[in-house]
Every structure is written in structure tokens, then in C-alpha cells.
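For reference, the structure is listed below as C-alpha cells.
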Amino acid sequence: MNAPQSRLLILDFGSQVTQLIARRLREAGVYCEIFPYSATPERIAAFAPRGLILSGGPASVAGSGAPLADPAIYTLGLPILGICYGQQLLVAQLGGQVEAHDHQEFGRAYVDVSAGCALFDGVWQVGGREQVWMSHGDRVTALPQGFAAVARSEGAPFAVIADEARRIYGTQFHVEVVHTPHGAALLANFARRVCGCDGDWTMAAFRAAAIERIRAQVGQGRVICGLSGGVDSSVAAMLIHEAVGDRLTCIFVDHGLLRAGEAGQVVETFRGRFNVPLVHSDASDLFVGALAGVTDPESKRKTIGRLFIDVFEGEAARIGGADFLAQGTLYPDVIESVSVAGGPSVTIKSHHNVGGLPERMRMTLVEPLRELFKDEVRALGRELGLPDAIVGRHPFPGPGLAIRIPGEVTREGLDLLRRADTIFLEEIRSAGLYDAIWQAFAVLLPVRSVGVMGDQRTYDQVVALRAVTSTDGMTADMYPFDMAFLGRVAARIVNEIRGVNRVVYDVTSKPPGTIEWE
């Protein structure tokens, strides 16, 4: 897609929340992308941003091997905002001083606003005290020439700095996280007031531009899309179908690891409601058979991924092949594939193909969603008319229920888990809580519990329930169900599913950078 001319660029120095900067800007209607910190001034100039943002990061500016921006970025004449490490970096590179200090700040803090600046317009008032979220050990101790301190905290005398003449700003705290209540407004001020961005980033504009891009790429060729029924592949399929019509064929590989009723819903929605050419391949026996005896989670993923490709390629050959393969790659997948120092994404994203296709497939990738975050994909799906049962559903992993059964996957275990999961989601919907929860599901634990049911002693399965809230998909807190709700769900599961005698609720929160049951 030709990105809007009114756009910003974020240089990533390794912060685990860099993506949130982009999300906040997109929410303000400003298009932006994330480049690695090593991007050359020539590459930056070619992108033609109206401003630069330097992200946070785990390194110390004074440490050996610290990631550094090319000093030439400060000569491009662009407005610059440095966040946390980004602030310390621009101070150090422009002639100021940054030092390690005994007084570290991690978590909630308060800053006192001592002077005005363009970032604060209509948001913070001089003399006010504002809550922010700090995460730093080093701190600025001397400013470069031309800068002034406009806010301070107990541990950071230069919590916000500004050089209004050069339009360069720095915040020691993270403006992008929800724990800084007015952080999004500060970012919007930088984008709109300082950089002059128009705020023209909308899903309607994206839809129109993406359709033209797909038509230009595909021409008169044929496209195959691997449809799972999840949000990403569903929206990609609908967008491509709008662009090329019946020259798209969707292949739905039913691996038998879906939630109750989902296979039928996929077929009815795409083949029945939208008349999208769809091949439904029921390969559940193949997948479940291959998982017999497999207990390692990563081995399960790789087994499922290998079989999926085999079945998919077989179905593609039967329909005569295609020139293009559509994939629901999202922007976080693209970012993580080129993350600073690689990161853990190779393992975490082992079911993605952001690096390209195997040579034997002889198709060209079509990835119409690769500029979008998940919430934007949902908005695009609604723009395309997809039902909320598809667009609004909770995230579901590609390997399906296989990774919600720690230990061996069996048909009996899958059936039991589906029934427990269905009851949990039914009660959540009945209570009107589904849209307030980011993700909820049941897990069949690899343990048994001794219990007494009626007049009999039982030795049966244990089901765990998980429900979390999240604003960004990167951090999560448990959903605070009341005990009456949990008691009702537990009673239904134990009474309606023979073989389960205990239900537990997982109250673990997910701080940034950790992995949880999917």
C-alpha cells in the first residue's frame, strides 16, 4: 500500500513496548512504521517521515555495545521525540551527559510540570502534577545546549526536556503505556501539533488502497488463501475476494483441533454467506493420529505445521495450483522477524512464514494486512462486512486445542476440553462479559484429582479456566470474576461432563515479555 504522506517513523532500540508507540499513533489517525535503530539516514529520508521517535530499550547509553542511532538523523531537520532510552540517547549524542544513578525508578511515578512546551498543549498545565510510568536506571544529568527541563520527578530532574527551536523533545517515562494516563495525548500532540501530521489514517482509506495494491500485484493471476476461520485469515480472504473475486480460492484445513462448531461456522460464513470459493479438507484423523504420544509443546507445533503444509499443498495441487499464496501476516509479525538482536520471536512465532515461502511452493506471497495491528484488522473486518462472530472472537492459536492440552492429545481429551470450553464461553456470553475480556478459554491439565461425588470416590480430570483483560495483547491481567460466576461455571462443568471432578481458575497476570498458555 502507498502509505499516507503524513506519517512518522519509529526507530526501535529494543523496548518490549515499542509496538505500543505505533498503536497509539495509529489510534490518533497517524500512519507510522517501525525501523530498526540501525536504519541509515538515506533509508529514513526515503521513507519521508514528518518526524522521528526514538523508542526505549534495555541497554545503557554509557555501556559498551549500546545501540546507537546514526548521528546524521539530527541533521535531517525532522522533529524528534526520544522516549526513555531514546531520551538518554539523544542527550548523549547531542552533547549532554547521562549517568548511572543509585535512585532508580520503575513503575508508577509523578512528575511536576515546571514550564510549557508543545507536547503539553491542552494536556498538561504548568504547576500541575501528573502520573507517569517510569522504567530506568540511568538518568540525564546535564542537558545539551538549547534544551530546557520542563518537567521533573523525584528520581529524574529532567523527566521531560525540550528544544523548541529544533523541535526535539525527550521524556524519561513511557508515554505509550496505559499507565501514563495522558501519554497518548502527548504522543498525539507530537504527531499533530509538532510534526503537522493530518490524522488521515482510516480503515476506509486503507481498504481502498489495499484493494488497488492487490489488483496491481495479482493482475489476472489466481490466489490461494489458507483460511483458518481466525480473524487474520478471514479478513485477508475477504479483502482479496473483494479485489479479485473468484480468482481467489480458500483452502480450509480442518485439523480437528478447533473449538466446538467452528468448522461449520467457517464453511457457512464464507461459502454460504459470502459465496467465496472454498475447499474444506477434513484432515482431523491425520492430525490427531500424528499427535499420539507427542507431549512436548514445540514438537506439537512443528508436527501440526508440517502436516498443515502437506495437506494444504495436496489440496492446492488438486485444484490446479495458483500463482499467489495469501497469508494473514500482521505488522507485529513483521516487526518481530527483524527485531533487535533477533529476540525470542523465532520460537514464539514458529507457526509464521514472515521470512517467505519454501522454494518448492513456487508461489508469490500476498500479505495485504502486513501493515496492520490486530485491532486495526478487526476494524477492517467490520468495514468489509464480516460478522462479529468472526471479527470479534477471542484470539485462538494456530495449533488450536493441542496446546491447551499439556501432555498427549487424544480424541477423548479434545472432546472433553471442547465441552468445558463451550460451557465457559456460554456463561461468559450469558453474563454479557465476552467483549470485556480479551481472551478466555479452558485448559485440560495433565493431572487427575481424587474427589467424592455423591456417594462415590472419583479419580478424574482437572480443568483450568483462564480469562484475561488486555489493551494491547502484550500485557494481561486476570479478569476479576465474582465467586458466584465461577461457582456456576464449575458446577456446570463438573455436572455436565463425565470425567471431570475439579475446576480451577488461573489468576496469573502476564507482565510484558512473558509467555502464557495461549
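Of all residues in the range 395-412, those satisfying the criterion of being open to solvent by 10 Å² or more (accessible area, probe 1.4 Å) and either assigned to a helix (DSSP H, G or I) or over 15 Å from Gly289 (Cα atoms) (or both) are Pro395, Phe396, Pro397, Gly398, Ile403, Pro406, Arg411, Glu412. Selection of the range 456-484 for residues being at pLDDT 90 or above, surrounded by fewer than 18 Cβ atoms within 10 Å (Cβ to Cβ) and not in a strand (DSSP E or B) yields Pro480, Asp482, Met483, Ala484.
Against the numbered list (1) more than 29 Å from Gly29 (Cα to Cα); (2) free of Cβ contacts under 8 Å to residues at least 40 places away in the same chain; (3) open to solvent by less than 10 Å² (accessible area, probe 1.4 Å), Gly155 comes up short only at (2). Of the residues Ala263, Ala208, Ala204, Ala237, which is surrounded by fewer than 21 Cβ atoms within 10 Å (Cβ to Cβ), of a type outside the set (Ser, Thr, Tyr) and closer than 27 Å to Arg301 by Cβ? Only one candidate passes the filter, namely Ala263. Applying the criterion of being among the small types (Gly, Ala, Ser) and outside any loop (DSSP other than H, G, I, E, B) to the residues of the range 317-331, the residue that is nearest to the chain's Cα centre (by Cα) is Ala326. For the range 364-389, the tally of residues that are surrounded by fewer than 21 Cβ atoms within 10 Å (Cβ to Cβ), of a type outside the set (Asp, Glu) and assigned to a helix (DSSP H, G or I) stands at 4. Listed by first and then second residue, the pairs linking a residue in the range 1-12 that is over 11 Å from Glu33 (Cβ atoms) to a residue that is modelled with pLDDT of 70 or more and small (Gly, Ala, Ser), with Cβ atoms under 7 Å apart and 6 or more places separating them unless they lie on different chains, are Met1/Ala209; Met1/Ala210; Asn2/Ala209. Residues in the range 418-455 that are closer than 22 Å to Gly407 by Cβ and open to solvent by 30 Å² or more (accessible area, probe 1.4 Å): 8 in all. Listed by first and then second residue, the pairs linking a residue in the range 135-146 that is in contact (Cβ under 8 Å) with a residue 60 or more places away in the chain to a residue that is open to solvent by less than 50 Å² (accessible area, probe 1.4 Å) and assigned to a strand (DSSP E or B), with Cβ atoms under 9 Å apart and 6 or more places separating them unless they lie on different chains, are Ser135/Glu105; Ser135/Gly107; Gly137/Glu105; Asp138/Val98.
Across the range 71-87, the number of residues qualifying as open to solvent by less than 10 Å² (accessible area, probe 1.4 Å) and either in a helix (DSSP H, G or I) or modelled with pLDDT of 95 or more (or both) comes to 9. For the range 282-293, filtering for residues that are over 16 Å from Gly398 (Cβ atoms) and not in a helix (DSSP H, G or I) leaves 3. Condition (residue is over 26 Å from Thr410 (Cα atoms) and either assigned to a helix (DSSP H, G or I) or at pLDDT below 95 (or both)) applied to the range 298-316: is it met by at least one residue? Checked the range 298-316: at least one residue is over 26 Å from Thr410 (Cα atoms) and either assigned to a helix (DSSP H, G or I) or at pLDDT below 95 (or both). Only one of the listed residues (Arg139, Arg167) is open to solvent by 30 Å² or more (accessible area, probe 1.4 Å) and at pLDDT 95 or above. That residue is Arg167.
Pairs meeting the criteria (first residue in the range 261-274 and more than 17 Å from Arg419 (Cα to Cα), second residue at pLDDT below 95 and buried (at least 18 other Cβ atoms within 10 Å of the Cβ), beta carbons under 6 Å, at least 6 apart or on different chains) are Val266/Gly229.
The listed residues are Arg26, Arg50, and the only one of them that is under 23 Å from Val334 (Cα atoms), open to solvent by less than 40 Å² (accessible area, probe 1.4 Å) and in contact (Cβ under 8 Å) with a residue 40 or more places away in the chain turns out to be Arg26.
The values are calculated or read from the model by the stated rules, or taken from the named source; none is laboratory data. In this text the structure is predicted, and so the values were computed from the model without any measurement. Reconstructed Cβ throughout: ideal geometry from the backbone, glycine too, with neighbour counts over all protein chains shown. Keep in mind that these areas ignore ligands, DNA and RNA; they rest on the heavy atoms of the full protein, side chains included. Shrake-Rupley method; radii C 1.70, N 1.55, O 1.52, S 1.80 Å.
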